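The values are calculated or read from the model by the stated rules, or taken from the named source; none is laboratory data. Note that the coordinates shown come from a computational prediction; the quantities given were computed from them, not determined experimentally. When we count neighbours, we look across all protein chains shown, and the Cβ atoms used for this are built from the backbone with ideal geometry, even at glycine. Surface areas here come from the heavy atoms of the whole protein model, side chains and all, with no ligands, DNA or RNA. Shrake-Rupley method; radii C 1.70, N 1.55, O 1.52, S 1.80 Å.
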Amino acid sequence: MRFWRFWFQTFVISSQYNPPRFVELLMLMLAIAMLAIATVIPDRPFLVLGLSLVVGASISILVREAIAPSPQTRITQITAVLLLIISIYGFADIIKTL
C-alpha cells in the first residue's frame, strides 16, 4: 500500500508542479497505448486517435518551449518536430489507403 501511495503522491505533485508538461506526458502515454492497440487490432480509429494525440502533444511542446524555454530546449524541439513529422507521415499513409 505504501508503494501505491508513494506513486500517487508523486503523480499529484508532478501534476501541480508543471501542469502543461504533465498533460503532454499524459497525451503521449495515451498515444503509445492507442498505437500499441492499433498494432494488435488493425483498426483505423485506434491509429487515428494515437496519431492525433501525438500531433497535439508535439504542437503543445513546441508552443511551450517557444513561450518558456527549458534548459534542454534544442533536444525537446527536435524530438517534438520528429514526432510531428512521423505522425503526419502516418496520416498521409492512412489517407493514401482510403
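Table for the structure above
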{"read-out": "Span-rule helices in the chain, defined as complete DSSP H runs reaching 30 Å or more along the axis (Cα) with Kyte mean at least 0.5", "value": "19-40, 44-67, 73-97"}
{"read-out": "For the chain, with +1 on Lys and Arg beta carbons and -1 on Asp and Glu, the positive-most of VAL54, PHE8, ALA92 along the dipole", "value": "PHE8"}
{"read-out": "Solvent-accessible heavy-atom area per residue, rounded to whole Å², over the chain at 1.4 Å", "value": "74 Å²"}
{"read-out": "Whole-percent carbon and sulfur share, accessible surface of the chain, 1.4 Å", "value": "76 percent"}
{"read-out": "Tail weight of P(r) past 15 Å, computed on alpha-carbon pairs of the chain, percent", "value": "67 percent"}
{"read-out": "Span from the segment 52-98 Cα centroid across to the segment 1-39 one, whole angstrom", "value": "19 Å"}
{"read-out": "The chain - charge dipole about Cα centre, Lys and Arg +1 at Cβ, Asp and Glu -1, debye rounded to 20", "value": "240 debye"}
